[in-house]
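Below is one structure, written out as structure tokens; the observations come after it.
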Amino acid sequence: MEWYRGLPMEIVLTTAIESPIGGMRLAFTERGLAYVELPHASGRGLDGWLRCCVPDAMVREGSAPSRGAAKQIVEYLNGKRLDFDLVLDPLGTPFQRKVWDALLEIPYGETCSYRDIAKRIRMPNAVRAVGTANGANPLSLVVPCHRVINSGGGLGGYGGGLALKRRLLAMEQGQQPSQGCLL
């Protein structure tokens, strides 16, 4: 932590990595991995996330904390890792964090609906809000928002694009047969 005018200043380290799906960018706070930018992602991207979530942060390029995260992300995308062992710092509202925590409980190779997640967090009427929180997930891949689909079986949306969502689900379901939502 650095100080600016007598106040503590958040430091965010960013780094670019190459992965099997293309170039990605990662951002770390001193508490852990805070943002994963997918290639060709729709939405605000890393720069928008920085403006929104840590507007007063000092942003630096740095690779030290990213080595382990990059390795795990590449292993996952190569089908060699089923889960992540990373310290995370997802910056969001209490509701968003509740949704993201529920996403972490979806097993590899499984899918759940937005309605399943709403029920899981004991807010069964919050299906649309769950979809919005899912879409705001700053830790794509690591917090598996791609495993959430529409109740009717449609893919729904995905910040990395539907082609990537299909690819991730196919990769995961090829590793282990899907049994539906086990939440």
* If you check Gly62 against the conditions, is it more than 16 Å from the chain's Cα centre (by Cα) and either open to solvent by 60 Å² or more (accessible area, probe 1.4 Å) or of a type outside the set (Lys, Arg) (or both)? -> yes
* Structure fact -> Filtering the stretch 32-51 down to residues that are under 19 Å from Ser19 (Cβ atoms) and open to solvent by less than 40 Å² (accessible area, probe 1.4 Å) yields Leu33, Ala34, Tyr35, Val36, Glu37, Leu38, Pro39, Gly45, Leu46, Trp49
* When Thr15 is evaluated against the numbered criteria (1) in contact with a Gly (Cβ under 7 Å, 6 or more places away or on another chain); (2) among the β-branched types (Val, Ile, Thr); (3) modelled with pLDDT of 95 or more, which criterion, by number, is the only one it fails? -> (3)
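For the stretch 142-154, give me each residue that is in contact (Cβ under 8 Å) with a residue 12 or more places away in the chain and either of a type in the set (Gly, Ala, Ser) or open to solvent by 20 Å² or more (accessible area, probe 1.4 Å) (or both).
In the first step, residues of the stretch 142-154 are kept if they are in contact (Cβ under 8 Å) with a residue 12 or more places away in the chain; the result is 142-151.
Passing the criteria: Ile149, Asn150, Ser151.
Report, by residue number, each residue of the stretch 120-141 that is open to solvent by 80 Å² or more (accessible area, probe 1.4 Å) and within 14 Å of the chain's Cα centre (by Cα).
Applying the first criterion (open to solvent by 80 Å² or more (accessible area, probe 1.4 Å)) to the stretch 120-141 yields 120, 122, 125, 128, 132.
Across the stretch 120-141, the qualifying residue is only Thr132.
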* **First in the stretch 71-83 and within 17 Å of Pro39 (Cβ to Cβ), second anywhere and in a helix (DSSP H, G or I) and open to solvent by 20 Å² or more (accessible area, probe 1.4 Å), Cβ under 6 Å, 6 or more apart** => none
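The values are calculated or read from the model by the stated rules, or taken from the named source; none is laboratory data. Here the structure is a predicted model, which means the values were calculated and not measured. Using ideal geometry, Cβ is built from the backbone for each residue, glycine included, and neighbour counts are taken over all protein chains shown. To get the accessible areas, we keep the full protein, side chains included, count just its heavy atoms, and leave off ligands, DNA and RNA. Shrake-Rupley method; radii C 1.70, N 1.55, O 1.52, S 1.80 Å.
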